[in-house]
Amino acid sequence: MVQQYRITLLPGDGIGPEIMAVTVKVLEVVAQQEHIEFSFQEAPIGGAAIDATGVPLPDETLEMCRQSDAVLLAAIGGYKWDDLPANLRPEAGLLGLRAGLKLFANLRPAKILPQLLDASTLKPEVVNGVDIMVVRELTGGIYFGQPKGIFTTESGEKRGVNTMAYTESEIDRIGEVAFATAQKRGGKLCSVDKANVLEVSQLWRQRITELGKKYPDVELSHMYVDNAAMQLVRNPKQFDTIVTGNLFGDILSDAAAMLTGSIGMLPSASLGSDNPGVFEPVHGSAPDIAGQNKANPLAQVLSAAMMLRYGLNQPVAAEKLEAAVLQVLEQGDRTGDIMSEGKHLVGCQEMGDALIKVLVGK
Ligand SMILES: NC(=O)c1ccc[n+]([C@@H]2O[C@H](COP(=O)([O-])OP(=O)(O)OC[C@H]3O[C@@H](n4cnc5c(N)ncnc54)[C@H](O)[C@@H]3O)[C@@H](O)[C@H]2O)c1
């Protein structure tokens, strides 16, 4: 039976349209092989939407996303829109999309590809084999807790305040995503908190421990955030899946990503419960190389693989895409950002052609 999915494509700005075009071609090949039928619909977001409609996230774009099975986003932003007020800048489109789809879980993998071992700043023996997924809570914690603001004390001194707060239900829903993610991976989950100092973390630890009873097949551990930061650079191979709150996750996911050393290779997923997920590369719109066929499309292709695995539950198709990426790297194809001596420099489109060749076995 053919599985049908409606996918909203948001190419955005800069290199976005180039890497999206390549990814769609590659996805169509995998779809045919795996009895999947994609119906792609495209909508503007970011600078492209500002130019077309005056706002970074038109209502029609958000509605189209809501009506689809998954959203594949490239990148937004560029010099042209930098002087606009904050609520009309391209980034506001991205924040609006996340809020509009109630995406509370952010998944960021950091996987070392043996072919790109040299790109890491750490010793090969430390990073070889690293395969981590950071699950970060995205809509709660200290970034949103009340009260927040800069207030004046009775003595006339200014005082900056933020509040770190999580409710049980907020912890439970990110916990569920994290346990389910660990089940699809290596079966190990490390929950990161600061329960030795923070009450909010004590509640976090209690709830995650309680939830763990529902997932006896997942090996749960807990770690304080300061130790986790240290362990990530000391011995990153000990981690499989990490779950943590908004602030700790913001920091740890960047640190974990940089173990790989190459920004053009990093995908991500943002998930909610009642709406489709958004799958996008970690990198920005790279305006410095836009329109020159120089962009690395692999983070976008790997984002499409995450869409297949976590958004559409099509793990076989996801594995095919990931294996194709490994194979083109193995045969020495490199875009400029990951180029090294003795390898074969290719453009964005040629990288796509190489992936398709591998997929069809020619
Ligand atoms: N999620 C997003 O859409 C997102 C994320 C970060 C930045 N941005 C926006 O992107 C614009 C540029 O920001 P920036 O320069 O800080 O970050 P960037 O990630 O766009 O670029 C940083 C550097 O990495 C290179 N690079 C990035 N992706 C690449 C790829 N796929 N292939 C080859 N090289 C690649 C760029 O050429 C540049 O030299 C800004 O407007 C920023 O607001 C958007």
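Observations on the structure shown:
- Span from the the stretch 32-49 Cα centroid across to the the stretch 113-128 one, whole angstrom: 34 Å
- Legend: P(r) of the stretch 131-258 from all alpha carbon pair distances, 10 Å bins from 0, whole percents, reading 13, 42, 30, 10, 4, 1.
- Estimated from helices alone, the mean residue ellipticity of the chain at 222 nm is -12000 deg cm²/dmol (sum of -39500 (n - 2.57) over DSSP H runs with n ≥ 4, per residue).
- Pairs with C-alpha atoms separated by more than 29 Å, drawn from the list K214/K320; K80/K158; K320/K343, are K214/K320; K80/K158.
- Neighbour cut-off at most 14 other Cβ (10 Å), DSSP loop, GluC sites (Glu not before Pro), the stretch 289-362: E341
- Using the average count of surrounding beta-carbon atoms within 10 Å as a protection proxy, the listed peptides 162-170, 274-282 rank, highest first, as 274-282, 162-170.
- Per residue, the average separation of C-alpha pairs within less than 8 Å and at least 6 apart gives the chain a relative contact order of 22 percent.
- Pairwise centroid distance, computed over Cα atoms, of the stretch 253-285 with the stretch 84-108, Å: 14 Å
- Cβ-Cβ FRET estimate between L84 and K213, R0 fixed at 51 Å, reported to 0.05: 0.55
- Relative contact order %, the stretch 1-82, counting alpha carbon pairs below 8 Å whose residues are six or more apart: 47 percent
- Sparse-neighbourhood loop sites, trypsin sites (Lys or Arg not before Pro) in the stretch 69-140 - DSSP loop, at most 14 other Cβ within 10 angstrom: K102
- Overall dimensions of the chain, expressed as equivalent-ellipsoid semi-axes from the Cα gyration tensor (√(5λ), whole Å, largest first), are 32, 26, 21.
- Relative contact order (percent, whole number), the stretch 131-258, Cα cutoff 8 Å, 6+ residue spacing: 38 percent
- Segment R66-T121, length gained on full extension (0.36 nm per residue, minus Cα span): 15.8 nm
- Burial ranking of peptide ranges 55-65, 289-299, 142-152, 30-40 (average Cβ count within 10 Å, highest at the top): 289-299, 55-65, 30-40, 142-152
We did not get these values from a lab; they are worked out from the coordinates using the rules stated. Since the model is a prediction, treat every value here as computed from it, not as a measurement. Glycine gets a Cβ as well: all are built from the backbone with ideal geometry, and neighbour counts include every protein chain shown.
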